[in-house]
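Structure first, commentary second.
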Amino acid sequence: MISRNVLNRATARVVPLTPQAGINGTVSFRVEFSFPQSFIDSITLDTIRAAYKQYDRRIRVRYTVRLYKEGAIIKRTLREITFVKKWILYWTRAPDILEKYKAYIWPLGVDEEGRAVFFNSFDDAKKFIFTSSTMMTVTAPELGVGESRIGATVKARLWRHTFIEAGTLEASTEPVSVQILQE
């Protein structure tokens with residue numbers, strides 16, 4: 001079983017896609033989050049095979065992403081979204097998976113909109129559920145004219161499974177500067 005101590009080293013970053021905008025424009029950000037690499041590496045085909053045999057066939061991660069403007073005293077929330085990513089373990093007879101991985105148990109992903117996601121490699125499957133990249137847009141009037149420092153916090157909630165204890169990971173980004181110009 002993977003302990004909660006491993007989960008304390010999650011990483012997050014915010015990337016301004018439009019670092020400068022006019023007062024009537026919008027500013028877009030990408031917020032990226034990742035579970036610790038040691039945790040991602042510890043999830044193996046043997047791990048999910050054992051989980052499947054114990055009827056632990058659904059793995060669910062709930063992400064909460066909060067984008068905020070850093071002020072002199074407080075951090076004002078600009079946007080907050082919550083979404084869920086899932087794995088459903090299933091028995092496969094796909095020849096390419098059986099030949100390459102010698103695996104008959106395989107994860108099927110379910111994205112934020114509820115669409116099924118099939119994976120060609122186990123690394124792609126792990127990247128899908130244990131990392132997140134979210135786009136967020138803020139209107140310039142919400143930030144005001146001048147320089148604004150924008151940061152983000154990301155929480156990822158895991159439930160107890162045969163291979164991991166329940167827990168919540170949280171990571172904060174370093175604030176980035178965006179400039180709103182008076183037109």
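The values are calculated or read from the model by the stated rules, or taken from the named source; none is laboratory data. Treat the numbers as computed from the prediction; the structure is a model and nothing was measured. Ideal geometry is used to build each Cβ from the backbone, glycine not excepted, and the neighbour counts take in all protein chains shown.
Of all residues being part of a strand (DSSP E or B) and farther than 17 Å from Leu17 by Cβ in region 119-146, which is modelled with the highest pLDDT? Just the residue, please.
Thr131
Which residues, counting only those in region 150-183, are in a strand (DSSP E or B), more than 14 Å from Thr77 (Cβ to Cβ) and either without any contact (Cβ under 8 Å) to a residue 12 or more places away in the chain or among the charged types (D, E, K, R) (or both)?
If the condition is that a residue be in a strand (DSSP E or B), more than 14 Å from Thr77 (Cβ to Cβ) and either without any contact (Cβ under 8 Å) to a residue 12 or more places away in the chain or among the charged types (D, E, K, R) (or both), then Arg157, Glu170 are the ones that fit.
Can you pull out every residue in region 56-96 that is in contact with a Ser or Thr (Cβ under 9 Å, 6 or more places away or on another chain) and farther than 28 Å from Val31 by Cα?
Hit for region 56-96 is Asp56, nothing else.
Say we look at region 107-126 and pick out the residues that are surrounded by 15 or more Cβ atoms within 10 Å (Cβ to Cβ) and either of a type in the set (D, E, K, R) or in contact (Cβ under 8 Å) with a residue 40 or more places away in the chain (or both); which of these is nearest to Ala156 (Cα to Cα)?
Checking each candidate, the answer is Lys126.
Tell me, yes or no, whether region 39-49 has at least one residue that is free of Cβ contacts under 8 Å to residues at least 60 places away in the same chain, assigned to a strand (DSSP E or B) and among the acidic types (Asp, Glu).
Within region 39-49, not a single residue is free of Cβ contacts under 8 Å to residues at least 60 places away in the same chain, assigned to a strand (DSSP E or B) and among the acidic types (Asp, Glu).
So Glu80 passes all but one of these: (1) at pLDDT 95 or above; (2) over 20 Å from the mean Cα position of the chain (by Cα); (3) not basic (Lys, Arg). Which condition number does it fail?
(2)
With Arg66, Arg30 as the choices, which residue is outside any helix (DSSP H, G or I), surrounded by 18 or more Cβ atoms within 10 Å (Cβ to Cβ), of a type in the set (Lys, Arg) and within 17 Å of the chain's Cα centre (by Cα)?
On inspection, the qualifying residue turns out to be Arg66.
Pairs please, first residue from region 90-102 and in a helix (DSSP H, G or I), second anywhere and of a type in the set (A, V, I, L, M) and modelled with pLDDT of 80 or more, Cβ atoms under 7 Å, 6+ apart in sequence or on different chains.
Short answer, once both residue conditions are applied: Tyr101/Leu45.
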